[in-house]
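Engineer: The structure under discussion is supplied below as C-alpha cells; questions concerning it will follow.
The values are calculated or read from the model by the stated rules, or taken from the named source; none is laboratory data. Predicted model only: the values in this text are computed from it and were never measured. The area values use the complete protein model at the heavy-atom level, side chains included, leaving out ligands, DNA and RNA. Shrake-Rupley method; radii C 1.70, N 1.55, O 1.52, S 1.80 Å.
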Amino acid sequence: MSLFLSVLEQGMIYAIMGLGVYITYKILDFPDLTVDGSFPLGASIAAAMISRDMNPLLAVFVSFFAGAIVGICTGVIHVKFKVRDLLAGIIMMTALYTVHIRTSGRANLPIYGKATIFDNAIVNRVFSGALAPYATVVIIFIITMLSKYLLDWYLSTKSGFMLRAVGDNETIVTSTGLDKGMIKIIGLSISNALVTMSGCIYAQQQRFYDASMGPGTVVIGLASVIIGLSLFKKISFMRVTSSVVIGSILYKACVALAIKAGLPSTDLKMITAILFLVILIVTMDRKKKRISADQYFDGGDGKTGGNLPAGAAGGDQPAGNEAAEGGAPNA
Amino acid sequence: MLELKHIDKTYNAGTVNEHELFHDFNLSIGEGEFVSVVGSNGSGKTSMLNVICGSIDIEKGSVLINGTDITNQKDFQRHRRIGRVFQDPAKGTCPSMNIVENLSIADNKGRRFGLSRGINRQRIDFYRETLAALGLGLENKMDIPVGSLSGGQRQALALIMATLTPIEFLILDEHTAALDPKTAELIMELTDRIVKEKKITTIMVTHNLRYAVSYGSRMLMMHQGNIILDKSGEEKEKLQVDDILNLFNEISIEVGN
C-alpha cells in the first residue's frame, strides 16, 4: 500500500514536470535540456527557503517564477543569439548547476522537521488520525490537477493558440503578424516554470535537496509524455494533458517495480535510461514522426502526387525547380 | 500602392558564388491591381516577393507601402498588412489544429493574442458560410485536424485564412503549383473571386502561362532580375499564351540554352 501511495505521489509530482516537457517537446518541438537544471533549482529553492522557516507555499510560487525566468533565458539564448535548441538547453543546464548549489549554499540540504506544504499545522488538523497517510497524495493531486487545468485553459486561449501554432507551422505565426521568437520564449518560460515548481514540490515531499537530482529529469519527462500520448491517443475525449499525468504515474510505477524486483536503488539512472529506450522502441515515436512529415508534404492525399505529371503541361512546377530557386536565399 | 525603389540584392556576397540578382530594381504596383508574374527559374520572382515581405535582406533600396517606408520593418510586422499563400499547402495552415481553430487564428490577425478564449463562438456560423461557399464540403469537417485534409482543401483554407481580415496586399507564391490540374483550376477561380470581391491588390507568381494570361489586370515577365515585359490594360487583354512562349524561347536562345 505504501509503495502504491509513493508511486502515486511521485508520479503526480513528476507529472507537473512532464506537463512542462510536453510544452517544449510536443508543442514547440524543442528538445529542452534546461529541465535537468531547472528541476533541481526548484528543489534548492524549496530547501533554502524552508530551512530558514519560510512559508513552504511561498517557496512554490517563488520557484514557479524563478523557472519562468530560467525559461526566458533559454529562449533568449536560442531566439536572439541563434544558438541551436539543444545547445541552448545544455548551456542553461550547466549554468544552473552552479545556480542551484549556490541557492541552497551546499550540494545537499535536508529539511527534516520543518513545515512543508504536506506537513504543517493546517494540513495536520485536516488530515488527522486514519487520514494522515493520505495527506500528501491528496495535496499533490490537487496541485497537479490545478496545473493541468490551468495549462488546458491556457492552450485554449488566443495566446495558447499561437503557442500551438508556432510548433506546428512557424510560417503561420509570421503570417499572422506576430514574432515567432517571442512566442517560443513564452512557451519555454511556462514550461520551465512548471518544471521548477515540480522540483520544489518534490524536495518538499522528499524533505531534502541534492545537487544530483537533476540529471535524468528530462528523460523522465519525455518518457511520461511519450507513454501517455501513445497509450491514450485513440481515446479522443481524453485531454492530452491528462494522458501526460497518467503516463508519468505509469512510468514511476515501472521504475518502482524494477527496484522492488531487487535492483539496487543506485541503479536508478540506468533503469530510467533503459526504460526510456524501451518505451521509444515500443512506441516508435520517431518513425511515426517521419511518416507524418511526409504526409504533410503530400497533403495526405496520394492522388495529388499521381496526377501531377499529367498536369505538367499546364505549367505545374516540378519539385526540383523550387530547390533551384529557393537554394539561393538560403545560402 | 506598393513601391520597390532602387533595390540591390546580391546572393553569397564576397564568395566565388557571388551572384547579383537585382541591380537598381524598380517596381510600382497601384491600388487594386492584380499582377501576375512569370519568368524562368532564377529570374527573381520569388526573391522579389521575399523582398516585399521582408523574408530576405537587401543591400540597397527601399520598400514603400502607400508612401510609408517599411524597409526596416521585420517580416512579421510587414505581414500585418500583407497576406501570403505559399506553394506548399502545408505552409498556410496548422496541421494539428482543426479548421475552426485555424480560422480563429487568421480571424484575430492584427489584434491582440491575449488570454481571452481562442475561439469566438459567435463567428462559427460565419466560418461555416464562408467554407460552404467553397463547395468543398469543408463546412462539415470543421472540427477535424487540418493535417488530414487533402492538399487542395488545405490550399483553399490557406487562401481563405490569408484574406479573412482586411489586408492591403495579397501575395501568391506559385500557390497552384503543387496541386493537380483540376484542383489548381478550382483554387485559381476561388482566388479570382476573392480578389475581385475584396478588391485586394494582388501579386501572383506563377509558372502557368495560361493563368498569367487569363487572370489579373497586369502581367510582368522577369528575366535575370529585370522586368522584360510589363503589360496592363488593353495590351494585357490582347496577350496570348503563344506570345509569352515565344518570348521565353527568345530568352533561352540568348542565354544559350
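Engineer: Kindly write out, for segment B:140-153 in residue order, the coupling ³J(HN,Hα) from the Karplus curve 6.51 cos²θ - 1.76 cosθ + 1.60 (θ = phi - 60°), rounded to whole Hz, with x marking Gly and Pro.
Structural biologist: Here the 3J(HN,Hα) series is 9, 10, 5, 10, 9, x, 4, x, 9, 7, 6, x, x, 4 Hz.
Engineer: Between A:261, A:132, A:88, which gets the highest mean-square fluctuation from a Gaussian network model of chain A, Cα cutoff 10 Å?
Structural biologist: Greatest mean-square fluctuation among the candidates belongs to A:261.
Engineer: Can I ask one more? In terms of solvent-accessible area of protein heavy atoms at a 1.4 angstrom probe, what is the ranking of A:91, B:105, highest value first?
Structural biologist: The most accessible residue leads, giving A:91, B:105.
Engineer: Just read off the accessible area of residue B:235 with the full protein assembly in place, 1.4 Å probe, to the nearest 10 Å².
Structural biologist: 100 Å²
Engineer: Please label the shape of segment A:93-167 as rounded, prolate or oblate, based on the square roots a ≥ b ≥ c of the eigenvalues of the alpha-carbon gyration tensor (a/c under 1.5 means rounded; beyond that, a/b larger than b/c means prolate, else oblate).
Structural biologist: oblate
Engineer: Top mean-square fluctuation among B:203, B:171, B:65, Gaussian network model of chain B, C-alpha springs under 10 Å?
Structural biologist: Fluctuation is largest for B:65.
Engineer: Report the Rg/Rh value for segment A:22-126, based on alpha-carbon coordinates and the Kirkwood definition of Rh. Mind dumping the intermediate values first?
Structural biologist: On the way: Rg = 15.9 Å, Rh = 14.9 Å.
Answer for segment A:22-126: 1.07.
Engineer: Enter the accessible area of residue A:275 (Å², nearest 10), with the probe set to 1.4 Å and all protein chains included.
Structural biologist: Accessible area of residue A:275: about 40 Å².
Engineer: What number do you get for segment B:67-167 when its Cα radius of gyration is normalised by 2.2 N^0.38 Å, N = residues?
Structural biologist: 1.12
Engineer: Of the beta bridges DSSP finds with both residues in the protein assembly as shown, what % are antiparallel, to the nearest 5?
Structural biologist: Of those bridges, close to 60 percent are antiparallel.
Engineer: Another one. Compute for chains B and A the buried accessible surface, both sides summed, probe 1.4 Å, and express it in Å² to the nearest 100.
Structural biologist: Result for this pair: about 3900 Å² buried.
Engineer: Residue-wise, which Karplus ³J(HN,Hα) couplings in Hz belong to segment A:243-252, taking 6.51 cos²θ - 1.76 cosθ + 1.60, θ = phi - 60°, and x for glycine or proline?
Structural biologist: Listing the rounded values in order: 4, 5, 4, 5, x, 5, 5, 4, 5, 4 Hz.
Engineer: With all protein chains present, calculate the accessible area of residue A:64 using a 1.4 Å probe and round the result to the nearest 10 Å².
Structural biologist: About 70 Å², rounded to the nearest 10.
Engineer: So for chain B, considering every pair of alpha-carbon atoms, how many percent are separated by more than 27 Å?
Structural biologist: The proportion of pairs with Cα distances above 27 Å equals 40 percent.
Engineer: List, in order, the whole-Hz ³J(HN,Hα) value for each residue of segment A:109-120 obtained from phi through the Karplus relation with A = 6.51, B = -1.76, C = 1.60 and θ = phi - 60°; use x for Gly and Pro.
Structural biologist: 9, x, 10, 5, x, 9, 6, 10, 5, 9, 9, 8
Engineer: Can you put B:130, B:68 in order of accessible area, largest first, using a 1.4 Å probe?
Structural biologist: Putting B:130, B:68 in descending order of accessible area: B:68, B:130.
Engineer: Let me ask another. Out of all DSSP beta bridges in chain B, what portion is antiparallel? Express it as a percent rounded to 5.
Structural biologist: 55 percent
Engineer: Considering only protein heavy atoms and a 1.4 Å probe, what is the carbon-and-sulfur percentage of the accessible area of chain B?
Structural biologist: 47 percent
Engineer: How long are the three semi-axes of the equivalent ellipsoid of segment A:159-253, in whole Å, if each is the root of 5 times an eigenvalue of the C-alpha gyration tensor, listed from largest down?
Structural biologist: 29, 20, 10
Engineer: Debye sum, Cα scatterers, the protein assembly as shown, no solvent: what log₁₀ I/I(0) at q = 0.08, 0.09, 0.12 1/Å?
Structural biologist: -0.65, -0.78, -1.14
Engineer: Can you list the aspartates and glutamates whose alpha carbon sits under 12 Å from that of residue B:199, skipping same-chain ones fewer than 8 residues off?
Structural biologist: B:31, B:33, B:168
Engineer: Could you pull out the pairs from A:252/B:141; B:141/B:196; A:80/B:198 whose alpha carbons sit more than 32 Å apart here?
Structural biologist: A:252/B:141; A:80/B:198
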